[in-house]
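To keep things clear, I will list the structure first and then write my remarks on it.
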Amino acid sequence: MNETELIKEYNKTKDKNLLPNKGLRTEKNIYSKELKIGYDRASPIYLECSIKEVDLSTEAIYVFDSKTKDYILKSIGNTKKDIFLNDVFKYYMVSFSAYSENFAGQCYDTLLNDESIKLINPEYIKRIIELWKMYHLNDLTSGCYEQEKVIEEYLKSNEYDYEKVCDLLKEKGLYNYKNYKYGSAWLVKTLKESEILFIIETLNNYESVKK
């Protein structure tokens, strides 16, 4: 069954089992790691990292049909823009988090600044946190490359504020860059295989240096 026939059959039956991966994007887990990195009072602290390969070629695109008052399948296969505003359909997605009995989530500031926390190897954890800051949810980037360069410089001496960042980009003539308005979509900061391998190596080596 070719794509045209598949779309026709799906719109007649609404059977998602007909679609590749039921019309969802395909996510393949390629790495997952949990590290015990310290203690929050008596509670152990764990840091987690996962890396997935995301493939949008199986994602179904639906449109609203005013005649049937329902959504119908238009096509199979989707893309996202990367930070250089190129279309991509396959990329790596990285996520980091940490948790204890007393906190969880995006808490690297707590790990670094809370005096009640005792890290097993503070210097090495700082290296991991730099990767965390750099790569976490790299497919949820608000700005394109040119916009992010300006914002990165701004954040060296300022806290992030959406309205102020927008005003700054407007002053620089970059708020609407090549028809992309800052914050209007989630862009992908694509990662090279060498970057993925470096993240994995850094986390895997923690066990040998933690003491």
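See the values below:
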item: Residues that are over 22 Å from the mean Cα position of the chain (by Cα) and not hydroxyl-bearing (Ser, Thr, Tyr), drawn from segment 152-165; result: 156, 158, 163, 164
item: Matching residues, segment 126-151, being over 11 Å from the mean Cα position of the chain (by Cα) and of a type in the set (Asp, Glu); result: 130, 146, 148
item: Looking only at segment 164-192, and only at residues there that are touching a strand residue (DSSP E or B) at 6+ places or on another chain (Cβ under 9 Å) and in contact (Cβ under 8 Å) with a residue 60 or more places away in the chain, the one that is nearest to residue 33 (Cα to Cα); result: 191
item: All positions within segment 28-44 that are more than 21 Å from residue 123 (Cα to Cα) and among the basic types (Lys, Arg); result: 28
item: Some residue of segment 154-161 being assigned to a loop (DSSP other than H, G, I, E, B), outside the structural domain of residue 25 (by TED's automatic domain parsing), at pLDDT 95 or above and of a type in the set (Lys, Arg); result: no
item: Only listed residue being in contact (Cβ under 8 Å) with a residue 40 or more places away in the chain, buried (at least 17 other Cβ atoms within 10 Å of the Cβ) and touching a Phe, Trp or Tyr at 6+ places or on another chain (Cβ under 7 Å), chosen from 92, 99; result: 99
item: Residue satisfying all of: in segment 131-153; among the hydrophobic types (A, V, I, L, M, F, W, C) and not in a helix (DSSP H, G or I); nearest to residue 95 (Cα to Cα) among these; result: 137
item: Meets criteria (in the same structural domain as residue 81 (by TED's automatic domain parsing), closer than 22 Å to residue 82 by Cα, of a type in the set (Lys, Arg) and surrounded by fewer than 17 Cβ atoms within 10 Å (Cβ to Cβ)) for residue 126; result: no
item: Matching residues in segment 120-130 - criterion: being of a type outside the set (A, V, I, L, M) and assigned to a helix (DSSP H, G or I); result: 122, 123, 124, 126, 127, 130
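Rundown of residues vs (1) under 30 Å from residue 148 (Cα atoms); (2) in contact (Cβ under 8 Å) with a residue 60 or more places away in the chain, yes/no style:
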| site | (1), (2) |
| --- | --- |
| 1 | no, no |
| 8 | no, no |
| 22 | no, no |
| 31 | yes, yes |
| 44 | no, no |
| 62 | no, no |
| 66 | no, no |
| 77 | yes, no |
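The values are calculated or read from the model by the stated rules, or taken from the named source; none is laboratory data. The model shown is predicted, which means the values in this text are computed figures rather than measured ones. Cβ atoms come from the backbone with ideal geometry, glycine included; neighbour counts cover every protein chain shown.
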